[in-house]
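Engineer: Attaching a single structure in structure tokens format; questions to follow.
All of the numbers you see were taken from the coordinates with simple rules; none came from a lab. Model, not experiment: these values are computed from the prediction. For neighbour counting, all protein chains shown are included, and Cβ atoms are generated from backbone atoms with ideal geometry for every residue, glycine included.
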Amino acid sequence: MLSKSAARAFFLVGTFLCSGAFIALTVDTLGRVPAQTHADQLSEAVVRGKMLWEDNNCMGCHTLFGEGAYYAPDLTTVYARRGPMFIRQMLTDPAAMYPGQRRMVAYDFTEQEQSDLVAFFEWCGKVDLNGFPAPPTIGVASIPPTRAVAEARPEVFVQVCTACHSVGGSGGQVGPALDGVASRMSPELLTQWLQDPLSVRPASRMPKLPLTPEQITSLVDYLSTLDGEAQQ
């Protein structure tokens, strides 16, 4: 049983130590903020993108840095997951990317506004959030692709094509699975599909993507290897 003087001393010493630890941790955290947020990369485009994010109430549907609504996908790491082409396509015509599935409003952003939002999402994705958000578990194949298979996939395929298509059970379910596509389509037909899907099938739900000739070549080369069983 502590005496009154011992209890008072215990309280004062404990309060002093805890307060000191709180202040030290606060100073340390504030000191880390500029480096972890890459404050030196806050360009005018990033700032304009943030203003567009706020002015259009994007947080009313999406989540960013753990804040916002859960009606639509979390966009904290969208730049790393999907890349600038996918983001621009969603900002241009969201309904074309997910026909009948997505209800994102078409905001009619100008090319400059799209570039500003892309720059903002790129900056957001580089912020060090100490492991947040965690890697997604929904929609991930039970058996991840081997390193050799993963490295063979062009970046544009991983960022854009897998939003709708799957290979080896990993990817989207909007479009058909691409396992064995090389046995169904020639390189010439694949090229035509990637250049203008509607010219091959007018009723196709696949949008015409702004792919460069180099990206189309890399995609055709990769898809031409998918002529056997589902790759894992």
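Engineer: Quick one: Kirkwood hydrodynamic radius for region 44-85, alpha-carbon pairs, angstrom, one decimal?
Structural biologist: The answer is 10.8 Å.
Engineer: Follow-up. Kindly write out, for region 169-177 in residue order, the coupling ³J(HN,Hα) from the Karplus curve 6.51 cos²θ - 1.76 cosθ + 1.60 (θ = phi - 60°), rounded to whole Hz, with x marking Gly and Pro.
Structural biologist: Values, residue by residue: x, 10, x, x, 10, 5, x, x, 5 Hz.
Engineer: Quick one: net charge around TRP123, please, counting Lys, Arg +1 and Asp, Glu -1 for every other residue with C-beta under 13 Å from its C-beta.
Structural biologist: -2
Engineer: Among residues other than GLN89 whose Cβ falls under 11 Å from its Cβ, what is the net charge (Lys/Arg +1, Asp/Glu -1)?
Structural biologist: Local net charge: +2.
Engineer: While we're looking at this one, here's another question. For THR212 and ARG103, FRET efficiency with R0 = 25 Å and r from the beta-carbon atoms, rounded to 0.05?
Structural biologist: With a Förster radius of 25 Å, E is 0.25.
Engineer: For PHE11 and PHE132, what is the calculated FRET efficiency with R₀ set at 30 Å and r taken between the beta-carbons, to the nearest 0.05?
Structural biologist: 0.25
Engineer: A further question on this structure: Tell me the label-point distance for the pair THR26, MET51, using the 7 Å Cα-to-Cβ offset, in nm and rounded to one decimal.
Structural biologist: With each label placed 7 Å out from Cα toward Cβ, I get 3.3 nm.
Engineer: Counting only C-alpha contacts under 8 Å and six or more residues apart, can you give the relative contact order of the chain as a whole percent?
Structural biologist: With pairs under 8 Å counted, the relative contact order is 17 percent.
Engineer: On C-alpha positions alone, give me the angle between the axis of helix 213-223 and the longest principal axis of the chain, in degrees, nearest 10.
Structural biologist: On a 0 to 90 degree scale, this one is about 80.
Engineer: Which lysines have a Cα less than 20 Å from the Cα of LYS50, not counting those fewer than 8 places away in the same chain?
Structural biologist: Correct list for LYS50: LYS126.
Engineer: Explain nothing, just compute: Karplus ³J(HN,Hα) = 6.51 cos²θ - 1.76 cosθ + 1.60, θ = phi - 60°, for every residue of region 37-52 in order, whole Hz, x for Gly and Pro.
Structural biologist: With coefficients 6.51, -1.76 and 1.60, one gets 9, 6, 4, 6, 9, 7, 6, 5, 5, 4, 5, 5, x, 5, 5, 5 Hz.
Engineer: What's the magnitude of the charge dipole for the chain around its Cα centre, counting Lys and Arg as +1 and Asp and Glu as -1 at the beta-carbon? Answer in Debye, nearest 20.
Structural biologist: Dipole magnitude for the chain comes out near 840 debye.
Engineer: What does the extension gain come out to for SER19 and SER204, with contour length at 0.36 nm per residue minus their alpha carbon separation?
Structural biologist: 60.2 nm
Engineer: Taking each pair of different alpha-carbon atoms in region 42-126 once, compute 1/r for the pair, average those values, and report the inverse of that mean as the Kirkwood hydrodynamic radius in Å to one decimal.
Structural biologist: Mean inverse Cα-Cα distance, inverted, gives 12.9 Å.
Engineer: Something else about it: What angle do you read, to the nearest 10 degrees and between 0 and 90, between the alpha-carbon axis of helix 78-92 and the longest principal axis of the chain?
Structural biologist: The angle comes out near 60 degrees.
Engineer: For ILE23, ILE216, ILE87, what ranking results if the residue with the fewest other Cβ atoms within 10 Å of its Cβ goes first?
Structural biologist: The fewest-first ordering by Cβ neighbours comes to ILE23, ILE216, ILE87.
Engineer: Please compute the contact order of region 1-119 in relative form: average sequence separation of alpha-carbon pairs under 8 Å and at least six residues apart, divided by the residue count, as a percent.
Structural biologist: Across region 1-119, relative contact order equals 22 percent.
Engineer: Please find, in a Gaussian network model of the chain (springs between Cα atoms separated by less than 10 Å), the residue of LEU12, LEU189, LEU211 whose mean-square fluctuation is greatest.
Structural biologist: Between LEU12, LEU189, LEU211, it is LEU12 that shows the largest mean-square fluctuation.
Engineer: Given a 10 angstrom Cα cut-off, can you work out which residue in GLY180, GLY31, GLY171 is the most mobile in a GNM of the chain?
Structural biologist: Fluctuation is largest for GLY31.
Engineer: Once you've got the GNM for the chain with C-alpha springs shorter than 10 Å, pick whichever of CYS164, CYS58, CYS18 has the biggest mean-square fluctuation.
Structural biologist: Among CYS164, CYS58, CYS18, the largest GNM mean-square fluctuation belongs to CYS18.
Engineer: To continue, here is another question. Hey, what's the Cα Rg ratio for the chain versus the globular rule of thumb, 2.2 N^0.38 Å?
Structural biologist: Ratio of Cα Rg to 2.2 N^0.38 Å: 1.39.
Engineer: Add -39500 (n - 2.57) for each DSSP H run of 4 or more in the chain, then divide by its residues: what number comes out at 222 nm, to the nearest 500 deg cm²/dmol?
Structural biologist: Mean residue ellipticity, 222 nm, calculated: -15000 deg cm²/dmol.
Engineer: May I ask you to sort PHE120, PHE16, PHE109 by Cβ crowding, counting other Cβ atoms within 10 Å and putting the fewest first?
Structural biologist: Fewest to most other Cβ atoms nearby, the residues stand as PHE16, PHE109, PHE120.
Engineer: Charges only on Cβ, +1 for Lys and Arg, -1 for Asp and Glu: so what's the dipole of region 42-126 about the Cα centre, in debye to the nearest 20?
Structural biologist: 340
Engineer: Mind listing the long-range amide H neighbours of GLY175? Cut-off is under 5 Å, sequence gap 5 or more, other chains count too, H placed in the peptide plane at 1.01 Å from N.
Structural biologist: HIS165
Engineer: Let me ask something else. Of PRO207, SER218, LEU189, which is farthest on the positive side of the dipole of region 147-223, counting Cα position, with +1 on Lys and Arg Cβ, -1 on Asp and Glu Cβ, and the Cα centre as origin?
Structural biologist: Toward the positive end, the furthest listed residue is PRO207.
Engineer: Among TYR107, TYR79, TYR98, TYR70, which comes first, second and so on when ranked by fewest other beta-carbon atoms within 10 Å?
Structural biologist: Sorted ascending by nearby Cβ count, the order is TYR70, TYR107, TYR98, TYR79.
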